[in-house]
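Peer 1: To start, I am sharing the structure in question, which I have written as structure tokens.
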Amino acid sequence: MMNNVSTGERLKAGKNSSWIADNIVTLIFVAFTIFGFMVSDGVTVNFFLTELTSRFFRNAFLVLSLVIPVVAGLGLNFGIVVGAMAGQIAIAIIRYYGLGGVSGLMLTFLLAFPIATLFGYFTGILYNKTRGQEMIASLIVGYFANGIYQFLFLFAVGVIIKVPATHPMIKPDGVGIRMTVDLLPVEQGGLKYALDNIMKIPFMWAVLIVAAAVLILQIYRLARNKNSAAFTNNRKMMTFVNVACCLIAIAISIHAIATKSSLMKVKSVPVVNSLLIIALCIFNELILKTKLGQDFRSVGQSQHIAEVSGINVDRTRIIATIMSTVLASWGQIMYLQNMGTLNTYNAHTQIGMFSVASLLVGGASTQRANIKHAILGTILFNSMFIMSPEIGQSMFGNALLGEYFRTFMVYGVIGLALGLHVWRTNKKGKLTLE
């Protein structure tokens with residue numbers, strides 16, 4: 001009896017420690033955000049939510065573009081930098097010809113598609129040549145592509161591709177594109193806020209709508225799976241927790257709207273951006289239920305078994321890479337229209353690192369990622385970006401220290417996640433040997 005009890009306790013303790021190890025990065029960022037509110041005097045809820053709203057809708061699409069490669073066994077695709085470059089090339093072309101507004105933005109998306117598809121195809125071929133080392137290859141391909149990108153915009157434009165030196169995008173000597181290109185407001189025929197300003201709704205109304213929609217989905221899930229054996233107690237518990245959170249969010253929203261509290265001053269939510277992010281979430285879910293999605297999963301789990309089963313592994317991996325690259329190009333366009341300026345030579349350089357770090361913060365790993373990881377990670381990672389300078393200012397009297405801390409956290413998160421991946425792999429290997 002004592003042995004059974006002790007064995008059960010050991011199993012329970014093992015599960016708890018495993019859960020903590022799987023979610024250690026997420027827990028660190030949650031604790032960091034709470035700590036920031038405790039020590040920072042200048043951070044109000046309104047300021048935090050306004051900044052978080054802007055950052056979330058700017059970055060979420062890019063982070064979601066990483067999910068499919070992880071499922072397909074390509075690991076963390078730092079190569080989305082190549083997709084970001086494709087998006088910037090499209091923006092530069094549209095801006096050069098003076099096109100703008102919603103029609104100009106749609107044309108930018110359309111133009112980025114074939115460019116990103118071509119880039120993704122060649123990147124996918126490279127990944128197939130470097131099996132097992134895709135993450136290192138994706139880093140290198142980003143640096144290599146950046147060299148070609150710099151050559152194109154610094155030298156080819158003006159020397160090989162003739163352009164007028166009087167154009168506001170071109171440097172005064174007529175060779176190369178300027179370091180910073182103003183995308184101009186929509187009213188002036190530009191792309192700035194072309195997507196954001198189509199339609200906006202107050203933040204608390206957005207929270208109310210989303211919370212109500214999630215509540216309905218959770219109740220439907222509970223009713224549908226009530227008698228299902230696969231619907232375990234843990235899943236039921238999580239569903240009840242989600243329902244409780246939705247009810248709390250709905251209550252807060254209704255109270256804020258009815259009383260016109262200060263929460264109604266939080267920055268409005270861009271509706272079209274929200275719909276595009278939701279559409280990408282639905283796309284990721286639906287495609288994984290198709291034959292192609294099942295191929296992604298099979299290849300991600302075991303390339304050998306997938307090949308024996310008749311799946312064209314190389315083709316499947318290339319398709320996953322192309323999808324990720326195209327989505328990243330569109331995400332970069334959404335990002336830049338919100339920024340309002342094109343930092344020609346630097347806007348894309350940190351996209352891969354920041355997006356990968358965001359996904360990892362949400363609880364993803366090199367072998368497992370889903371929509372929940374992407375959304376939660378984007379929220380927590382950007383919360384850290386907001387709180388870092390405030391913590392530096394409150395604790396050390398220097399906000400710049402918080403900026404340095406941001407960089408440390410980005411690379412630290414990636415290093416910790418990869419270290420945990422190696423540790424888990426070695427642990428599984430030892431268990432198999434035993």
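The values are calculated or read from the model by the stated rules, or taken from the named source; none is laboratory data. Because the structure is predicted, anything quoted here is derived from the model rather than measured. For neighbour counting, all protein chains shown are included, and Cβ atoms are generated from backbone atoms with ideal geometry for every residue, glycine included.
Peer 1: Between Y335, Y345, which is outside any helix (DSSP H, G or I), over 29 Å from R297 (Cα atoms) and either in contact with a strand residue (DSSP E or B) (Cβ under 6 Å, 6 or more places away or on another chain) or modelled with pLDDT of 90 or more (or both)?
Peer 2: Y345
Peer 1: I've got another one for you. When you check K267 against the structure, is it surrounded by 13 or more Cβ atoms within 10 Å (Cβ to Cβ), in a helix (DSSP H, G or I) and basic (K, R), yes or no?
Peer 2: Spelling it out, it is not the case that K267 is surrounded by 13 or more Cβ atoms within 10 Å (Cβ to Cβ), in a helix (DSSP H, G or I) and basic (K, R).
Peer 1: For the stretch 303-318, does any single residue satisfy the condition of being of a type in the set (D, E, K, R), in a helix (DSSP H, G or I) and not assigned by TED's automatic domain parsing to the domain that holds E134? Walk me through how you get there before you give the answer.
Peer 2: Taking the stretch 303-318 as the starting set, the residues that turn out to be of a type in the set (D, E, K, R) are 307, 314-315, 317.
Checking which are in a helix (DSSP H, G or I) leaves us with 307, 314-315, 317.
Add one more test, that the residue is not assigned by TED's automatic domain parsing to the domain that holds E134, and what stays is none.
No.
Peer 1: Also, quick follow-up: Just give me the residues in the stretch 149-165 being of a type in the set (A, V, I, L, M) and surrounded by fewer than 12 Cβ atoms within 10 Å (Cβ to Cβ), in sequence order.
Peer 2: The answer is I160, I161, A165.
Peer 1: So, in the stretch 361-377, of the ones that are over 17 Å from R55 (Cα atoms) and either part of a helix (DSSP H, G or I) or within 10 Å of the chain's Cα centre (by Cα) (or both), which residue ends up modelled with the lowest pLDDT?
Peer 2: Checked the stretch 361-377; the qualifying residue modelled with the lowest pLDDT is K372.
Peer 1: Additional query: Does L191 satisfy being assigned by TED's automatic domain parsing to the domain that holds N338, over 30 Å from Q301 (Cβ atoms) and surrounded by 15 or more Cβ atoms within 10 Å (Cβ to Cβ)? Don't jump to the end; show me each part of the working.
Peer 2: Details: assigned by TED's automatic domain parsing to the domain that holds N338: yes; over 30 Å from Q301 (Cβ atoms): yes; surrounded by 15 or more Cβ atoms within 10 Å (Cβ to Cβ): yes.
Considered against the rule, which asks whether it is assigned by TED's automatic domain parsing to the domain that holds N338, over 30 Å from Q301 (Cβ atoms) and surrounded by 15 or more Cβ atoms within 10 Å (Cβ to Cβ), L191 comes out as yes.
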